[in-house]
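First the structure, in the form of structure tokens, and then the observations on it.
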Amino acid sequence: MLTISLVTLLALALLLGSGVWIAFALLGTGWIVLTLFFPLPAGPILASDFWGASYGWDLTALPMFIWMGEILFRSGLGNNMFQALAPWLGRIPGRLLHSNIIGSGLFAAVCGSSAATCATVGKMTLPELQQRGYDDRLAIGTLASASTLGLLIPPSIMMIVYGVVTEQSISRLFIAGIGPGLLLLGLFMAYVIGWALLVGNKQGKVGETVAPMPMARKLRISLQLLPLLALIGGILGSIYGGIASPTEAAACGVVLSMLIARANGHFNTVIFKDALFAAVRTSCMIAFIIAGASFLSSAMSFTHLPMNLAQQIGDLGLSPAMLLVVLTLFLLVLGCFLDGISLILLVTSIIMPVIETAGFDLIWFGIYLVIVVEMSQITPPVGFNLFVIQGLTGKDIMAITRATVPFFALMIVAIILMSVFPGIATYLPQAMSG
């Protein structure tokens, strides 16, 4: 058993470290294990797993939500959103720094992609904040961190992937993400308010005082948010109310996003083709990784490694809290080298028996896992949000990383609060089903 474990880990490490595509690394590891240690034909198992991982109805929601996000990403929605939010933030400590947080939360609710949220909101807010004299470090930190909410606030691509591979309800996962998503938004905004009161106002790094605006004009400008809010409400309301499945809601969301983009004056044949091809590329990449992870999971089941690992951890007598601490540290290390989808698939392929043995609610664990993946988005060397902001600002990657440290700590606080008060993630799904 020790030999199988070492060969498996070595093969996976070598393939991942050599720059091979994640899907091929997962496939190759599973193939090596089956070929070397079991008298089983790897080809038929591979074919069966590929088919089983690719035909599920729930998986069809994935390309729909990705396509919807790509359309909105190209529609100029970020510009409208900033203009609508700015008049309401002038009196809050931190002022327009909150536009990164609230804007990212709103865009995340219809996009589902962390990188797309970061790029869309950042293109609009970073130049404006710099021009108005806001602290560069906090502007970058709020953007990099709040844009990770695209993974948590529904509809979330990560939740769809997790739900498919663990056979959990995607609708319940979507609803479960609302409470933790609002918690993180609140923590980020509270930090900005505290920083502005204690540091920013004294150093003059919270921009110029915004001139008062008549209420009628504020309301008129805010009308630009109505299509976005209607789209969010329509998608989540139809899922929560049982009117539509996530797949049906995603298909309606694509149509509505086209109408919003058209009304915004930024939709034509070129944008339609670009959005469609981008969605196809991303969806195929994710589906290929899911298939590779399914094959690796099958190979792992033949080795009995996950079950033995679960038994050994159980024999250690770790409390659920201590297990969560160890697991978080382990996942943060992995997250430094793997993208979010690969991290979720690798974890679910290997350690789910451990989680089930420890008695964790799998819906709660899915939300926890997504928050850890969010943290990996702002940790080098494979922090995608860091790369996006580097492309927008040209700043050194380590300087961007330092700007995200306080928000990284706040994500840890959110995990602690979720552990102490699990109802933050489980209350709405339970209310939905009961």
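The values are calculated or read from the model by the stated rules, or taken from the named source; none is laboratory data. Predicted model only: the values in this text are computed from it and were never measured. Ideal geometry is used to build each Cβ from the backbone, glycine not excepted, and the neighbour counts take in all protein chains shown. The accessibility values were calculated without ligands, DNA or RNA, using every heavy atom of the protein model including side chains. Shrake-Rupley method; radii C 1.70, N 1.55, O 1.52, S 1.80 Å.
Report, ordered by the first and then the second residue, all pairs with beta carbons closer than 7 Å, sequence separation of six or more or different chains, a first member in the range 347-361 that is open to solvent by 20 Å² or more (accessible area, probe 1.4 Å), and a second member that is modelled with pLDDT under 80 and not aromatic (Phe, Trp, Tyr).
Pairs found: 350/300; 350/306; 353/306; 353/307; 353/310; 357/310; 357/314.
What helices (runs of 4 or more DSSP H) lie completely within the range 151-229 and have 2 or more residues being farther than 20 Å from residue 65 by Cβ?
It comes to 178-195, 215-222.
Please verify whether the range 182-198 includes one or more residues that are aromatic (Phe, Trp, Tyr), crowded, with 23+ Cβ neighbours inside 10 Å and in contact with a His (Cβ under 9 Å, 6 or more places away or on another chain).
Yes; the residues of the range 182-198 include at least one that is aromatic (Phe, Trp, Tyr), crowded, with 23+ Cβ neighbours inside 10 Å and in contact with a His (Cβ under 9 Å, 6 or more places away or on another chain).
Within the range 66-80, is even one residue out of contact with any strand residue (DSSP E or B) (no Cβ under 7 Å at 6 or more places or on another chain), modelled with pLDDT under 75 and at positive phi?
Yes.
Here is a yes/no grid of residues against (1) open to solvent by 60 Å² or more (accessible area, probe 1.4 Å); (2) without any contact (Cβ under 8 Å) to a residue 60 or more places away in the chain:
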| site | (1), (2) |
| --- | --- |
| 220 | yes, yes |
| 226 | yes, yes |
| 235 | no, no |
| 238 | no, yes |
| 245 | no, no |
| 255 | yes, yes |
| 258 | no, no |
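Within the range 86-120, track down each residue that is among the hydroxyl-bearing types (Ser, Thr, Tyr) and under 30 Å from residue 251 (Cβ atoms).
Of everything in the range 86-120, those that are among the hydroxyl-bearing types (Ser, Thr, Tyr) and under 30 Å from residue 251 (Cβ atoms) turn out to be 104, 113, 114, 117, 120.
When the range 409-434 is examined, which residues are found to be in contact (Cβ under 8 Å) with a residue 12 or more places away in the chain, open to solvent by 50 Å² or more (accessible area, probe 1.4 Å), under 21 Å from residue 186 (Cβ atoms) and of a type outside the set (A, V, I, L, M)?
419, 422, 427
Condition check ((1) modelled with pLDDT of 85 or more; (2) of a type in the set (S, T, N, Q); (3) outside any loop (DSSP other than H, G, I, E, B)) across all residues:
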{"residue": "247", "(1), (2), (3)": "no, yes, yes"}
{"residue": "255", "(1), (2), (3)": "yes, no, yes"}
{"residue": "258", "(1), (2), (3)": "yes, no, yes"}
{"residue": "273", "(1), (2), (3)": "yes, no, yes"}
{"residue": "285", "(1), (2), (3)": "no, no, yes"}
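Are there any pairs, at least 6 apart or on different chains, whose C-beta atoms fall under 7 Å, with the first in the range 207-218 and more than 20 Å from residue 127 (Cα to Cα) and the second at pLDDT below 80 and among the aliphatic types (A, V, I, L, M), and if so, which?
No pair meets every condition.
Please state which one of 106, 72, 143 is aliphatic (A, V, I, L, M), part of a helix (DSSP H, G or I) and open to solvent by 10 Å² or more (accessible area, probe 1.4 Å).
Only one candidate passes the filter, namely 106.
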